[in-house]
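The values are calculated or read from the model by the stated rules, or taken from the named source; none is laboratory data. Just so it is clear, the model here is predicted, and its values are computed rather than measured. With ideal geometry, Cβ positions are generated from the backbone for all residues, glycine too; neighbour counts draw on all protein chains shown.
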Amino acid sequence: MTEPGPDSSPLILVADDVPANVELLFDQLNTLGYRTIAAVDGPSAIAACFEHNPDLCILDVSMPAGDLGVDTRSTGFEVCRRIKRDPRTSRIPVIFVTALNDTGDRVKGIEAGGDDFLTKPHNRLVLGARVRSLLKLKAATDALENSYRKLRELEKVRDDLMKMIVHDLKSPLASVLATLEMLGDGDFGAISGSQRQAISYAEEKSEDLLALIEDILEVARIEEAAITLSYSAIAPAAFLSELLHEWSHRFQLEKTRASLKVDDDTPIFEADKALLKRVFSNLIQNAVTHSSSPIDLTLSVRKTPDGVLFTVSDNGPGIPPEYHEVIFRKFGQVAGPHAPRVRSSGLGLTFCKLVVDLHGGMIWVKSKEGEGSSFYVQLPQRPPGRSPTTGSDAATAARPTDTPVAPANR
């Protein structure tokens with residue numbers, strides 16, 4: 001049974017096995033300007049939802065269940081559960097109509113996903129108010145969902161375009177770098193000191209551009225789950241000592257004072273060592289390059305109930321609180337007077353977060369402007385779903401005797 005109405009008016013499904021109840025609701029809803037359709041049992045109510053996709057459902061709690069596998073007294077609740085868990089109908093508001101004003105019924109209705117209740121006999125004004133309210137809420141939700149869907153589509157177009165551009169940029173950029181190298185080597189004739197300096201500057205900026213392209217492609221690979229983690233057992237003290245050793249020359253150039261703190265009970269953990277090393281290298285790079293004066297840098301790690309907690313702390317310029325979330329977003333950077341003294345791609349911390357997320361961990365920052373920054377990386381001792389490391393594997397990563405790491409010379 002379908003009642004005519006303006007095609008643009010909301011469509012409401014009334015499901016009740018008593019014709020008089022359906023007729024009464026139809027009269028009231030048609031008077032309010034809504035279109036209506038009817039169902040007489042649970043299966044026909046579900047079928048009507050999938051076929052007509054109504055803007056709102058009014059369900060009687062007690063009606064024939066058919067093949068739904070529930071008793072007549074719970075048919076309305078089962079219909080609601082089924083339409084709420086299907087993506088095609090999940091946003092349809094549901095009003096239960098019942099002759100009982102029982103708290104237990106209301107709890108069951110809420111658990112089934114119902115949005116409101118009407119007790120028989122219902123008041124026409126109350127019916128109108130509740131229907132209007134739920135339809136406004138649905139319209140707002142639908143608009144938000146559509147906006148989100150369009151945004152995701154635009155983001156995909158942007159990302160696809162970006163990946164296409166950066167792929168196409170690599171080949172000509174490689175040719176530019178090769179030509180600049182040949183110029184610098186004098187393959188095309190002698191060059192003056194000022195020309196050599198200009199060529200060196202062009203090479204440096206081309207290398208920066210190539211690094212940016214690699215960052216973009218690497219982030220895209222991680223986002224698309226096109227990267228496979230290569231797990232190995234890692235001893236925290238040896239891992240951080242190796243990092244500080246690799247950065248020791250840069251620390252000397254920047255006059256950075258570096259130190260290491262490792263708690264004695266910090267356990268061996270499993271991770272992709274190469275990717276994790278890049279994570280901490282990004283954090284060290286940020287600390288060193290974003291300060292205009294020499295800094296004190298401390299790398300520490302300790303045991304936690306869930307695994308290990310790394311900290312990279314510095315006494316640099318700090319990060320204003322309003323940027324603590326922004327800096328982990330793609331291309332997110334501190335702006336204005338708080339901007340770093342060197343240009344960056346805005347992808348370094350995005351890469352860090354993606355890698356840490358892949359490991360089942362978390363990364364966050366605590367910082368105050370003018371008081372330095374501390375980046376925290378929480379990692380599980382063993383990634384979810386991984387079997388325990390064998391004794392021979394663990395032995396290869398056995399932690400050496402902890403020795404203090406001398407600060408780099410100023």
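General remarks:
- Count of region 261-280 residues, restricted to those that are closer than 14 Å to Ala235 by Cα and touching a strand residue (DSSP E or B) at 6+ places or on another chain (Cβ under 7 Å), is 12.
- Scanning region 84-127 for residues that are hydroxyl-bearing (Ser, Thr, Tyr) and touching a residue at least 24 places away in the same chain (Cβ under 8 Å), we see that the one that is surrounded by the fewest Cβ atoms within 10 Å (Cβ to Cβ) is Thr89.
- Cβ-Cβ distances below 8 Å connect the following pairs, each with a first residue in region 245-271 that is within 28 Å of Gly361 (Cα to Cα), a second residue that is of a type in the set (Phe, Trp, Tyr) and surrounded by fewer than 21 Cβ atoms within 10 Å (Cβ to Cβ), and a separation of six or more residues or different chains: Glu270/Tyr231; Ala271/Tyr231.
- Just one of (1) part of a helix (DSSP H, G or I); (2) of a type in the set (Ser, Thr, Tyr); (3) closer than 20 Å to Arg130 by Cβ fails for Ser44. It is (3).
- For region 119-132, the set of residues classified as at pLDDT 85 or above and either among the aliphatic types (A, V, I, L, M) or assigned to a strand (DSSP E or B) (or both) consists of Leu125, Val126, Leu127, Ala129, Val131, listed by residue number.
- Any hit, region 67-74, residues being in contact with a Gly (Cβ under 7 Å, 6 or more places away or on another chain) and not in a helix (DSSP H, G or I): yes
- Any chance Lys150 is in a helix (DSSP H, G or I) and either in contact with a helix residue (DSSP H, G or I) (Cβ under 6 Å, 6 or more places away or on another chain) or under 19 Å from Ala39 (Cα atoms) (or both): no
- Complete set of residues in region 373-387 that are crowded, with 19+ Cβ neighbours inside 10 Å and free of Cβ contacts under 8 Å to residues at least 60 places away in the same chain: none
- Verdict on Leu183 being modelled with pLDDT of 80 or more and either surrounded by 13 or more Cβ atoms within 10 Å (Cβ to Cβ) or not assigned by TED's automatic domain parsing to the domain that holds Ser300 (or both): yes
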